[in-house]
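The values are calculated or read from the model by the stated rules, or taken from the named source; none is laboratory data. Keep in mind that what you see is a predicted model, and the values were worked out from it rather than measured. In this analysis, Cβ positions are derived from the backbone assuming ideal geometry, glycine residues included, and neighbour counts consider all displayed protein chains. Remember, those area values only see protein heavy atoms, side chains included, never the ligands or the DNA or RNA. Shrake-Rupley method; radii C 1.70, N 1.55, O 1.52, S 1.80 Å.
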Amino acid sequence: MMRLYSELSDVELVALLKAGNQLAYTEIFERYTRILLRHAFRLLSDHDEAHDVVQDVFLQLWQKREDLEFKTSISSYLYASVRNKIFNLLSHQKVVLRYAESISSFMVEGYNIVDDELREKELAAVIEKEINALPAKMREVFLLNKKEELSYQEISERLNITSETAKQQVYKAMKILKLKMDSFLSIYPFL
């Protein structure tokens with residue numbers, strides 16, 4: 001007469017499991033599910049995740065039943081499997097979290113970089129426009145000083161003006177440009 005599966009030892013159940021006996025698998029499942037769920041919940045503090053981990057462990061138990069070699073008891077194997085799945089899950093969650101944070105950071109910083117580049121281009125365009133709006137002689141002196149980096153003496157020799165006149169022209173140009181830039185920067189105070 002056949003004994004009930006609930007009366008079989010873990011060793012007997014494992015032997016039947018390895019042979020593909022579904023009823024032995026069901027008995028192992030019923031014998032250890034609740035205690036493994038409590039164990040998983042203690043580590044995860046989330047019922048759904050604990051349930052998923054335990055389900056995965058039992059699914060893997062069935063799928064690998066023929067290749068299983070137990071160095072200890074089935075209960076030790078199941079506990080270790082749950083613990084390892086939880087560690088893998090937590091490790092994966094940390095990686096996902098770091099990835100999400102890096103994407104979020106990139107999106108914010110990337111947006112700021114693009115935004116800053118756009119403002120810099122706008123500022124450069126405003127400066128160029130205002131330089132072009134300077135009186136011709138003042139613009140020429142200013143560009144020689146600021147773009148070609150000539151000294152006031154070199155400008156005076158090139159344009160046949162005094163170095164004091166060159167200095168005054170650059171000073172006046174800077175004053176005009178500063179007023180224009182101040183109004184632009186009041187729109188974009190964070191530049």
Point to revise | J(HN,Hα) series, region 66-74, from Karplus relation 6.51 cos²θ - 1.76 cosθ + 1.60, nearest Hz, glycine and proline x | key: 6, 9, 5, 10, 8, 7, 10, 7, 4
Check your understanding: In whole Hz, what ³J(HN,Hα) sequence does region 122-132 give by Karplus (6.51, -1.76, 1.60; θ = phi - 60°), x for Gly and Pro?
Key -> 4, 5, 4, 5, 5, 4, 4, 4, 5, 5, 5
Point to revise | Amide H contacts of THR162 (H built 1.01 Å from N, under 5 Å, at least 5 apart or other chain) | key: none
Practice item. Excluding residues fewer than 8 places away in the same chain, name every one of the aspartates and glutamates whose C-alpha is closer than 15 Å to that of LYS137. Key: GLU157, GLU164
Revision key, fill the gap. The correct ranking of ARG83, ARG34, ARG65 by accessible area at 1.4 Å, largest first, is ARG34, ARG83, ARG65
Check your understanding: Heavy-atom accessible area of ARG158 with all protein chains present, probe 1.4 Å, nearest 10 Å²?
Key -> 140
Revision key, fill the gap. Stretched fully, the stretch from SER76 through GLN153 gains (0.36 nm per residue minus C-alpha distance, one decimal, in nm) 18.7 nm
Check your understanding: Put VAL11, VAL54 in order of accessible area, largest first, 1.4 Å probe: what do you get?
Key -> VAL11, VAL54
**Study point:** Unsatisfied cross-links (Cα-Cα over 21 Å) in the set LYS121/LYS146; LYS64/LYS94; LYS129/LYS172
**Key:** LYS64/LYS94
Practice item. Keeping all protein chains in position, work out how much accessible area VAL82 exposes to a 1.4 Å probe, and write it in Å² to the nearest 10. Key: 0
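Report the net charge of residues surrounding ILE161, where surrounding means a beta-carbon distance below 13 angstrom and charges are Lys +1, Arg +1, Asp -1, Glu -1.
Computed value for this residue: -1.
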Check your understanding: Over the heavy atoms of TYR171, what accessible area does a 1.4 Å probe trace out, to the nearest 10 Å²?
Key -> 140
